[in-house]
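The structure under discussion appears below in the form of structure tokens.
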Amino acid sequence: GLDGTQREVTLTRKPFLYHKDYSVREAARNQFECRELEGGLVYVNLPGFGSKDVVKQFKQALPQIHKSKGLILDVRRNGGGNSANGDAIISLLTDKPIPGECWKTRKYVPAFKAWGRKEEWYQGPAELIQPTKATPFLGPVVVLTGPATFSAAEDFVVPLHASKRATIVGERTGGSSGQPLMIDLPFGGQARVCTKR
């Protein structure tokens, strides 16, 4: 304290919360799921894009999806991963190329900053998501989003929304386009800073 007294405090670590109602423990229970709903709709939970397994599982579900009147894709608890895996799923939902998201990142030159130069950005190209060679599902698609939709899952939502290939329903996404810069902190902690807009 200001008077020189000392005290000992014990802090308990809790799981990182993506959202007030969603912890890492719950993320571990978030699994791929495909089930039929009333009215001939099919619901598919896409838990994350960190592995090609999600693409493989989606392809295995395609026969059931093709029989449906409409598809509901749930990315409300998808924290991201690799955007290429999301793009692979999009390629199974279109018969024409869809533009991917535009992105940019800062070009930081400390001396230029010190000289008062205007900030510069590197603009990444928006690549086309090409349709699959297999028969795509061309029926109606709804994508469910929420505050725990992050990173590559947001990259998944953007082209579907912009191309009008899907209707987006739910809450705003988490707001982090991904490509984190990892920073190691003392005592085993780690921080992540988004490097891409």
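The values are calculated or read from the model by the stated rules, or taken from the named source; none is laboratory data. All values derive from a computational prediction rather than experimental measurement. Positions of Cβ are backbone-derived with ideal geometry, glycine not excepted, and every protein chain shown enters the neighbour counts. We work out accessible area using only protein heavy atoms, side chains counted, and drop any ligands, DNA or RNA first. Shrake-Rupley method; radii C 1.70, N 1.55, O 1.52, S 1.80 Å.
Only one residue of VAL158, LEU41, LEU73 has its Cα farthest out toward the positive end of the dipole of the chain, where Lys and Arg carry +1 and Asp and Glu -1 on Cβ, and that residue is VAL158.
Take every Cα pair under 8 Å whose residues are at least 6 apart in sequence, average their separation, divide by the length of the chain, and the relative contact order is 19 percent.
Take every DSSP beta bridge whose two residues both sit in the chain; close to 55 percent of them are antiparallel.
Packing here is the average count of other Cβ atoms within 10 Å per residue, and on that basis the peptides 123-132, 93-102, 144-153, highest first, run 144-153, 93-102, 123-132. Inter-part distance, region 29-51 to region 104-131, computed on C-alpha centroids, equals 37 Å.
Near LEU128, the amide H atoms lying under 5 Å from its own belong to GLY100; only residues 5 or more places off or on other chains count, and H is placed 1.01 Å from N. Distance cut-off 21 Å, Cα to Cα: go down the list LYS133/LYS196; LYS59/LYS96; LYS96/LYS164; LYS107/LYS164; LYS52/LYS107 and report the pairs above it. Distance filter (> 21 Å) returns LYS133/LYS196; LYS107/LYS164; LYS52/LYS107.
Computed over protein heavy atoms with a 1.4 Å probe, the carbon and sulfur contribution to the accessible area of the chain reaches 53%. Helices of the chain meeting both criteria, an alpha-carbon length of 18 angstrom or more along the long axis and an average Kyte-Doolittle score not below -1.0, with helices taken as full DSSP H segments, are 53-66. Counting only protein heavy atoms and a 1.4 Å probe, region 59-114 has 54 square angstrom of accessible area per residue.
According to the square roots a ≥ b ≥ c of the eigenvalues of the Cα gyration tensor, what is the shape class of the chain, taking rounded for a/c under 1.5, prolate for a/b larger than b/c otherwise, and oblate for the remainder? In terms of gyration-tensor shape, oblate.
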